[in-house]
Amino acid sequence: MPGEPLIYARGLTKTFGSLRAVDAVDFSVTRGEAFGFLGPNGAGKSSTMRMIAAVSPRSGGDLRVLGLDPDRDGPTIRGRLGVVPQEDNLDLELTVRENLYVYGRYFDIPRRELRARIERLLDFAQLSERADERVEPLSGGMKRRLTIARSLVNEPDLLLLDEPTTGLDPQARHALWDRLYRLKAEGVTLVLTTHYMDEAEQLCDRLVVMEGGRIAAEGSPRALIGRYCTREVVELRFGPGESERMAAKLTGLGGAGVSERIEVLPDRLLVYTDEGDAAVAAVEALRLEPVSVLVRRGTLEDVFLRLTGRHLVD
Amino acid sequence: MSSRALPVRVVPPGMFGLGRGRRLIERDLLVARRVWWVPLSGIAEPVFYLLSIGIGIGKLVGRIPGPHHTTIVYATYVAPALLAASAMNGAVYESTFNVYFKLKYAKIFDAVLSTPLEAVDVARGEIAYALLRGTFYAAIFVAMMAALGDLVSVWAVLALPAAMLISFAFSAVGMAATTYMRGWTDFDLVQLVLLPLFLFSTTFYPLSTYPRWLQLAVECTPLFHGVSLVRALTLGQVGPAAAGHAAYLVVMGVIGVVVASRRVRVLLLE
Ligand SMILES: Nc1ncnc2c1ncn2[C@@H]1O[C@H](COP(=O)(O)OP(=O)(O)OP(=O)(O)O)[C@@H](O)[C@H]1O
Ligand SMILES: [Mg+2]
């Protein structure tokens, strides 16, 4: 069915006893998109991913994945998904190559075809040299790459990645991003969860911010920054314990139309503004003499922290 | 399509045949290739019993009445029971210790269940693999019995299939029990069950030796039926009772498969 979303969720709910881990969320993901779930620990990201992956029955609401109902057509759906779980669950008793082989056989891929795919995947994951070693002693980054390679063995239409780069060093993260770009360019639909805002900004066309099992906001990274943040943020540092006092003196900035809002943190003040330089000039005009001044762009991190909580002074 | 779908609905799905569970057997065999010597320890045990008790005690006992007014040596009487026990042991070791490790530590099934395989495939695949291990033990043992002249009837060609049935019943129930285990200490219970089963299931002497109440108790336990079935075959004393023994083991296995599938679903697919 052309135009039908790959994932369609309405009022999707997951309860564990009395806990509503996912509380009536609505979202849909279209073909070719890279879609993200952002949210603090316990927001319900993994629970949502597991329902999409047809390994966790929903407690309520509607869910269609690839046009099918996970409760009824679980095996068919899973046959067309690639899944990278939050925690690697590689088969530690097998070698790198055997992991791909055995996993591919779970999808009934014929042996000869599978062998060809494995060579390509080893290359893709930069693991060809370690192909015949056991998995156990591999580094975290290698294991993660292998898990991603494994998820691709059935050439999935939809790839689900639960915190794909958590715990990796910057090199390994960038190497993984590079792999994910390539998949996206090949038309694979990506759904990922992450705690890293730069990752979400880099990879996601569209994302939702989850908190407490609900969706707090939805949009493209740009649109979310536009809606919940300003173009620029001025970070002002004052001496210890001076932030509150200085914030009071800065309240005039809002009235002057220079700043949308000011946030007081223990160690610094954040002035949200569309014109960073104008705001800095206004601060200088007040002769407040901060220890340091930094003008930066508004980021998804600002959006995230605003939506998922941090004390704010508007 | 619809003509095929109907019987699947009537019979619980996958009660017969392995379906995708085959894939799990492939995986287990790949691992086993690397530790091929492990089963040797398991097969050694019944062999030691046969050589020590069968032959040693056999010296004291002398010849005993066999089928059709013949007499047999004591080892010929004990061997089928040891065969049944080895089929049980192989199956139970695999379906308890190894399955528990895969379930709780290696998280093998978590990965498996994110592929088209379902809980019932996991149960069937693992039970079938444990059955294979039990069968492997039993086959070695049968070969030894043949060499020692302990197969005195043509019915003995069915001894190995009967041993497989025993392996099936114990694999299935072993795996079902494993899904309830809370830690390694619970495995002491496995030993606590296996030892009396081994000693009391008419392994070394006939049921008539026991007082009536103990006979009734023994008749309820599974290895007794396994031993009786295998002994009937290897000694050629096959009667209607043999069908009853076989039926007991089939029912036990089917219950085990159903419970194990349900439990895998409850544990891993919440
Ligand atoms: N199997 C389970 N049984 C009971 N509670 C669960 C289960 N799985 C998740 N939860 C609870 O559901 C809530 C959401 O968990 P979930 O793992 O979906 O969060 P998350 O957004 O993925 O968090 P994280 O960023 O830490 O991975 C948490 O309160 C968690 O404790
Ligand atoms: Mg999670």
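Scan segment A:22-45 for residues that are surrounded by fewer than 23 Cβ atoms within 10 Å (Cβ to Cβ) and near ligand 1 (Cβ under 8 Å from one of its atoms) and the total you get is 3.
When A:GLU186, A:GLU199 are screened for being more than 30 Å from A:GLU93 (Cβ to Cβ), among the acidic types (Asp, Glu), within 16 Å of ligand 2 (Cβ to nearest atom) and more than 14 Å from chain B (Cβ to nearest Cβ), only A:GLU199 passes. Total residues in segment A:154-167 satisfying the condition of being more than 16 Å from ligand 2 (Cβ to nearest atom) and either in a strand (DSSP E or B) or out of contact with any strand residue (DSSP E or B) (no Cβ under 6 Å at 6 or more places or on another chain) (or both): the figure is 5.
Remark: pairs (first residue in segment A:22-45, more than 17 Å from A:LEU180 (Cβ to Cβ) and within 10 Å of ligand 2 (Cβ to nearest atom); second residue at pLDDT below 95 and acidic (Asp, Glu); Cβ separation under 7 Å; 6+ apart in sequence or on different chains) = A:GLY39/A:GLU211; A:ALA43/A:GLU211. Of the candidates A:PRO156, A:PRO170, the single residue that is free of Cβ contacts under 8 Å to residues at least 12 places away in the same chain and more than 16 Å from ligand 1 (Cβ to nearest atom) is A:PRO170. Of everything in segment A:64-88 that is of a type outside the set (Val, Ile, Thr) and within 15 Å of ligand 1 (Cβ to nearest atom), the residue that is farthest from the other protein chains (Cβ to nearest Cβ) is A:GLN86.
Elements of the type helices (runs of 4 or more DSSP H) sitting completely within segment B:209-270 and holding at least 2 residues that are touching a residue at least 12 places away in the same chain (Cβ under 8 Å) and either crowded, with 17+ Cβ neighbours inside 10 Å or within 14 Å of chain A (Cβ to nearest Cβ) (or both): these cover B:222-235, B:240-268. What residue, among those in segment A:150-183 that are surrounded by fewer than 19 Cβ atoms within 10 Å (Cβ to Cβ) and basic (Lys, Arg), is farthest from the other protein chains (Cβ to nearest Cβ)? Among those that are surrounded by fewer than 19 Cβ atoms within 10 Å (Cβ to Cβ) and basic (Lys, Arg), it is A:ARG182.
The condition (being more than 30 Å from A:GLU201 (Cβ to Cβ) and away from ligand 2 (no atom under 16 Å from the Cβ)) is satisfied by just one residue among A:LEU81, A:LEU92: A:LEU92.
Residues that are among the hydroxyl-bearing types (Ser, Thr, Tyr), more than 10 Å from chain B (Cβ to nearest Cβ) and either assigned to a helix (DSSP H, G or I) or surrounded by fewer than 21 Cβ atoms within 10 Å (Cβ to Cβ) (or both) do occur in segment A:138-149. Of the helices (runs of 4 or more DSSP H) lying entirely inside segment B:33-146, the ones with 1 or more residues being of a type in the set (A, V, I, L, M), under 20 Å from the mean Cα position of the chain (by Cα) and under 30 Å from A:ASN89 (Cβ atoms) are found at B:38-49, B:74-93. Every condition in (1) within 27 Å of B:ASN98 (Cβ to Cβ); (2) more than 8 Å from chain B (Cβ to nearest Cβ); (3) within 16 Å of ligand 1 (Cβ to nearest atom); (4) β-branched (Val, Ile, Thr) holds for A:VAL55 except the one numbered (2).
Keeping to segment A:197-213, report how many residues are surrounded by fewer than 17 Cβ atoms within 10 Å (Cβ to Cβ) and within 16 Å of ligand 1 (Cβ to nearest atom). Total meeting the criteria: 1. Residues of segment B:23-76 that are surrounded by 14 or more Cβ atoms within 10 Å (Cβ to Cβ), within 14 Å of another protein chain (Cβ to nearest Cβ) and of a type outside the set (D, E, K, R): B:LEU24, B:ILE25, B:LEU30, B:VAL31, B:ALA32.
Select from segment B:102-134 the residues that are away from chain A (no Cβ under 14 Å) and surrounded by fewer than 24 Cβ atoms within 10 Å (Cβ to Cβ) and list them in ascending order. Passing the criteria: B:ALA128, B:LEU132.
Say we look at segment A:183-196 and pick out the residues that are under 17 Å from the mean Cα position of the chain (by Cα) and not in a strand (DSSP E or B); which of these is nearest to ligand 1 (Cβ to nearest atom)?
That would be A:HIS195.
Taken together, the residues in segment B:211-237 that are among the polar types (S, T, N, Q) and over 21 Å from B:LEU151 (Cβ atoms) amount to 2.
Residues in segment A:1-21 that are more than 12 Å from ligand 2 (Cβ to nearest atom), modelled with pLDDT of 95 or more and in contact with a strand residue (DSSP E or B) (Cβ under 6 Å, 6 or more places away or on another chain): A:LEU6, A:ILE7, A:TYR8, A:ALA9, A:ARG10, A:GLY11, A:LEU12, A:THR13, A:LYS14.
So for segment A:95-106 (the condition being within 14 Å of chain B (Cβ to nearest Cβ) and under 30 Å from A:VAL303 (Cα atoms)), does at least one residue qualify?
No; the residues of segment A:95-106 include none that is within 14 Å of chain B (Cβ to nearest Cβ) and under 30 Å from A:VAL303 (Cα atoms).
The values are calculated or read from the model by the stated rules, or taken from the named source; none is laboratory data. Everything numeric in this text was worked out from a predicted model, so none of it was measured. No Cβ is skipped: glycine too gets one built from the backbone with ideal geometry, and neighbour counts run over all protein chains shown.
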